[in-house]
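Presented below is the structure to which this report refers.
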Amino acid sequence: DPVLRIRAMSTRRITADEFARGRGRLLSLRWEPVPVPAGESPAWSTIRPGETVAPPDGEPSTVVALCEGESEGEDPVAWVLSVVRDWVAADRPAGSRLVVTTREAVAAGPDDAVPGLAQAPVWGLVRSARAEFPEAGLILLDEDGHDASSAVRAAAVASGEPELAVRRGEIRVPRLRPTPSDERTTPAGVVGTEGTMLITGGTGTLGGLVARHLVARHGVRRLVLTSRSGPD
């Protein structure tokens, strides 16, 4: 079924100089601290890998799904997918929230090493679900190993932000900010020429263009291009 209609579209030419000037408006993702909200902490129920969401009881509820480690024989992404499906399919009261927590699965600062990489796909999964079901009250919360106290978690949930990270008791949220000029002019700090570059989806047209750019512009000499369709 049609989901939108375009009434009109116009195009205009842009010169190389105009494009170069526009690079000054590049944006980057920054995780910035936010003040901890005061007030009463919300009550919630907790589920862990292998457990399911309880049926609604008629009152708005907050459920925390603790995806903070890999259980024996339990795929964290498959479990979260099952939980999210049950959540959006249920007839839940307005104001109910599902908080999916991960452990060091995103880089919320320049020094984050992301040891919880196996849980990182959970963020893409929940983001996609939230785009399809914006009224479902889906929240992502990444915690570290220093402070996972209920008070900090409660403050994060009470903030009303859809995505948060806790680092040493500090609550951070993602924001788009102008990219500093020194980061725009030193791509070598981002692209290493000594190691091997992995390009997923690299066998398609865009992947080939990215590979050519890395070789021609950044001097990369070793690349691995993988197909998104696997052996097929």
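The values are calculated or read from the model by the stated rules, or taken from the named source; none is laboratory data. In this text the structure is predicted, and so the values were computed from the model without any measurement. Don't worry about glycine lacking a Cβ; one is built from the backbone with ideal geometry, like all the others, and counts go over all protein chains shown. The accessibility values were calculated without ligands, DNA or RNA, using every heavy atom of the protein model including side chains. Shrake-Rupley method; radii C 1.70, N 1.55, O 1.52, S 1.80 Å.
Considered as a group, the residues in region 137-179 that are surrounded by fewer than 21 Cβ atoms within 10 Å (Cβ to Cβ) and among the acidic types (Asp, Glu) include one that is modelled with the highest pLDDT, and that residue is 163. A search for C-beta distances below 8 Å between a residue of region 7-26 that is surrounded by 10 or more Cβ atoms within 10 Å (Cβ to Cβ) and in a helix (DSSP H, G or I) and any residue that is among the small types (Gly, Ala, Ser) and at pLDDT below 80, counting only pairs 6+ apart in sequence or on different chains, returns 24/181.
Scan region 107-127 and give yes if some residue there is of a type in the set (D, E, K, R) and either closer than 24 Å to residue 56 by Cβ or not in a loop (DSSP other than H, G, I, E, B) (or both), otherwise no. Don't jump to the end; show me each part of the working.
Keep residues of region 107-127 that are of a type in the set (D, E, K, R), which gives 111-112, 127.
Right, trim to either closer than 24 Å to residue 56 by Cβ or not in a loop (DSSP other than H, G, I, E, B) (or both) and you get 127.
Yes, the conditions are met somewhere in region 107-127.
Just one of the numbered conditions (1) at pLDDT 75 or above; (2) surrounded by 10 or more Cβ atoms within 10 Å (Cβ to Cβ) is not true of residue 35: (2). So residue 124 ticks every box in (1) in contact with a strand residue (DSSP E or B) (Cβ under 7 Å, 6 or more places away or on another chain); (2) under 15 Å from residue 164 (Cα atoms) but one. Which box is left unticked? Checking residue 124 against (1) in contact with a strand residue (DSSP E or B) (Cβ under 7 Å, 6 or more places away or on another chain); (2) under 15 Å from residue 164 (Cα atoms), the one that fails is (1). Scanning region 76-106 for residues that are more than 15 Å from residue 142 (Cα to Cα), under 19 Å from the mean Cα position of the chain (by Cα) and either not in a helix (DSSP H, G or I) or not β-branched (Val, Ile, Thr) (or both) yields 78, 79, 81, 82, 85, 97.
Condition test on residue 117, is it free of Cβ contacts under 8 Å to residues at least 24 places away in the same chain, over 29 Å from residue 90 (Cα atoms) and either surrounded by fewer than 16 Cβ atoms within 10 Å (Cβ to Cβ) or not charged (D, E, K, R) (or both)? Considered against the rule, which asks whether it is free of Cβ contacts under 8 Å to residues at least 24 places away in the same chain, over 29 Å from residue 90 (Cα atoms) and either surrounded by fewer than 16 Cβ atoms within 10 Å (Cβ to Cβ) or not charged (D, E, K, R) (or both), residue 117 comes out as yes. Does residue 42 count as outside any helix (DSSP H, G or I), modelled with pLDDT of 80 or more and open to solvent by less than 100 Å² (accessible area, probe 1.4 Å)? When the stated conditions are applied, residue 42 does not pass them.
Looking for something surrounded by fewer than 17 Cβ atoms within 10 Å (Cβ to Cβ) and modelled with pLDDT under 85 - is there at least one such residue anywhere in region 106-114? No: region 106-114 contains no residue that is surrounded by fewer than 17 Cβ atoms within 10 Å (Cβ to Cβ) and modelled with pLDDT under 85.
The set of residues in region 180-210 that are surrounded by 12 or more Cβ atoms within 10 Å (Cβ to Cβ), at negative phi and at pLDDT 80 or above comprises 197, 199, 202, 203, 204, 207, 208, 210.
Could you list, in sequence order, the residues of region 128-166 that are in a helix (DSSP H, G or I) and aliphatic (A, V, I, L, M)? Let's see the steps before the verdict.
Restricting attention to region 128-166, the residues satisfying the condition of being in a helix (DSSP H, G or I) are 128-132, 134-136, 150-158.
Residues satisfying the conditions are 129, 131, 136, 151, 152, 154, 155, 156, 157, 158.
If residue 59 satisfies every condition in (1) surrounded by 13 or more Cβ atoms within 10 Å (Cβ to Cβ); (2) at negative phi but one, which is the exception? With respect to (1) surrounded by 13 or more Cβ atoms within 10 Å (Cβ to Cβ); (2) at negative phi, residue 59 is out only on (1).
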